[in-house]
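The values are calculated or read from the model by the stated rules, or taken from the named source; none is laboratory data. What you see is a predicted model; the values in this text were computed from it and never measured. Don't worry about glycine lacking a Cβ; one is built from the backbone with ideal geometry, like all the others, and counts go over all protein chains shown.
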Amino acid sequence: MATEWDDIRCQLAWAAGFFDGEGSTGTWPNKNRPGAINLFANVTQQSASSDEIPAVLTRFRVAVRGLGRISAPTPDLRSGTYLCQWRTHSFEEVQAVVALLWQDLGPVKRAQAARALRAYHTQFSQIRARHRRPARTRRADLPAAVHPVEKTRTELAWAAGLFDGEGSTETQRRRRGAQAWSGLRSKVSQCDADGVPAVLSRFRVAVGVGWIEGPQSGGGYANAYKWAAGGADTLCALELLWPYLGAVKRDQALDAVSRLDARELIRRYRWRAAAYEFADRHRRLGEPLVRYAWETSAV
């Protein structure tokens, strides 16, 4: 029972990090009832094709005990890809998902969810609530919390969720005078008009390496900040996040390391050997994503 609860807490922490990066909670007008609003929560991801559901959306839905629905991918003319969305617009389900994620959720998404839920409840001081019986009962059982889960584990799971949503690993071409070299770099981006986003500061504490850059504007974004790490620090962060990281960001990291050999390297980094060892070890192991017994019965 203790192990099951530990696993569930880590998966919910991952889902909260992912929601901090890609999710939103809000309201929209009820077209069939003047003055009324509906509630929603959603998470959107890009998909490479019209029949491919991003694995992170499936994993998110499993983590929140099967609540919500995942829509079929639809064309996105701006990016030339497809958009796929996990979404729920039921008050009961939105409230349940927010409650499941609340312990690990960052302050921005907490405040956003609180405003939406408050607005939804406030409307009933002006209009009459309509009580209805749900078309089908949604029930998800959670085991009792037998003990607190180690904070380090849940924070790394949360950080991996944020990285799955907003992070990337790539080779970076750098030049100084006639010298040029390629380095390894990971980053996580967030925007905040009030200063350094709390989730980036929290992410840096969780992985213990890197720095925060910004603010910058451009490319359709304003007040953009980044957590960034290079070289040995990138390898350190990836090693910590790896047990909880999704397949797409794992493959991206391994591909970035493999591309180092294809680049002209004038500056020889001490961490290059460690980078190749890291990639070889994880390719050789071919370890699956963290999978838990309860996942098969959650949907």
So which of His121, His131 is at pLDDT below 70 and at negative phi?
His131
Mind checking which residues of region 31-48 are assigned to a loop (DSSP other than H, G, I, E, B) and surrounded by 14 or more Cβ atoms within 10 Å (Cβ to Cβ)?
Ala36
Inspect region 49-67 for any residue being part of a strand (DSSP E or B), modelled with pLDDT under 95, within 22 Å of Trp14 (Cβ to Cβ) and in the same structural domain as Phe18 (by TED's automatic domain parsing) and give the result as yes or no.
no
Those residues of region 70-101 that are without any contact (Cβ under 8 Å) to a residue 12 or more places away in the chain and assigned to a helix (DSSP H, G or I) come to a total of 1
Conditions (1) modelled with pLDDT under 70; (2) surrounded by 15 or more Cβ atoms within 10 Å (Cβ to Cβ); (3) over 30 Å from Ala96 (Cα atoms) -> Val149 fails only (3)
